[in-house]
Amino acid sequence: MVISESQIRHLNHQLKGIPPEEIISWALDRAKRPVLTTNFRPYEVAILHAVTDIDRRVPVIWCDTGYNTPQTYRHAEELIVRLQLDIRLYVPKQTAAHRDAIMGIPDIEDPRHELFTEQVKLEPFRRAMSEHKPDVWFTNLRKGQTAHRDTLDILSLSRDGVLKVSPFYYWDDTQLDAYLENRGLPNEHTYFDPTKVLENRECGLHT
């Protein structure tokens, strides 16, 4: 899907306030190779439900760092079955046990933290995107999550020119809580991302 920055600005103005399902349908109508990415963090169930409720054939890319909590893994398994997700699992080339023996989880100030992030998140993600070659990428980015994400919008372009679609970009937690409650969907807040350390820090996928 070829689209310019000026077209994106115009479309973002038009799409603001539009229900997420309409934004998703609009994007799917124009996509040839859509993907949906998830890490099963809190509120990810909203985008997983919203996209697959319209088209269950959309591949769901899960880059599992190997450091998720037991609660997150159980939550993921529940959603995979319940929403009939077409999961495409990508994991680091080195096991967490091997890495733990060599370096553990480096502190954010440790020079090895960059290598750690590359190994557990960035390389598997690049591998996934290289194999799927999407033209539309559904995400659950939201305004207020990080300083960088505050500069984005419902539509944005990745560094590789893929159209990122974030249908819930302007929604807050209260709105998402109501969305999940109205549909009887579970949420899980016991989540750990070893690459971010701080909740409002970017992990590198969206910068």
Among the numbered criteria (1) closer than 18 Å to ALA46 by Cβ; (2) touching a residue at least 40 places away in the same chain (Cβ under 8 Å); (3) open to solvent by 40 Å² or more (accessible area, probe 1.4 Å), which one does ASP107 miss?
(1)
If you scan the range 120-140, which residues turn out to be open to solvent by 10 Å² or more (accessible area, probe 1.4 Å) and either under 26 Å from ASP173 (Cβ atoms) or among the small types (Gly, Ala, Ser) (or both)?
LYS121, PHE125, SER130, ASN140
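Here is a yes/no grid of residues against (1) open to solvent by 30 Å² or more (accessible area, probe 1.4 Å); (2) closer than 23 Å to ASP173 by Cβ; (3) touching a His at 6+ places or on another chain (Cβ under 7 Å):
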position	(1), (2), (3)
ASP29	yes, no, no
ARG33	yes, no, yes
LEU36	no, yes, no
ASN39	yes, yes, no
ILE47	no, yes, no
ASP53	yes, yes, no
ARG57	yes, no, no
Inside the range 1-115, counting only strands (runs of 3 or more DSSP E) that do not spill past its ends, which hold 2 or more residues that are of a type in the set (Val, Ile, Thr)?
34-38, 59-63
Since LEU89 meets every condition but one in (1) open to solvent by 60 Å² or more (accessible area, probe 1.4 Å); (2) over 15 Å from the mean Cα position of the chain (by Cα); (3) under 25 Å from ALA46 (Cα atoms), which condition does it not meet?
(2)
Could you list, in sequence order, all residues of the range 144-197 that are among the aliphatic types (A, V, I, L, M), surrounded by 15 or more Cβ atoms within 10 Å (Cβ to Cβ) and more than 24 Å from GLN71 (Cα to Cα)?
LEU152, ILE154, LEU155, LEU157, VAL162, LEU163, VAL165
In the range 61-80, the residues that are open to solvent by 60 Å² or more (accessible area, probe 1.4 Å) and within 19 Å of the chain's Cα centre (by Cα)
GLN71, TYR73, ARG74, GLU77, GLU78
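The values are calculated or read from the model by the stated rules, or taken from the named source; none is laboratory data. Just so it is clear, the structure is predicted and the values come from calculations on it, not from any experiment. Here the Cβ is made from the backbone with ideal geometry for all residues, glycine too, and neighbour counts use every protein chain on show. Surface areas here come from the heavy atoms of the whole protein model, side chains and all, with no ligands, DNA or RNA. Shrake-Rupley method; radii C 1.70, N 1.55, O 1.52, S 1.80 Å.
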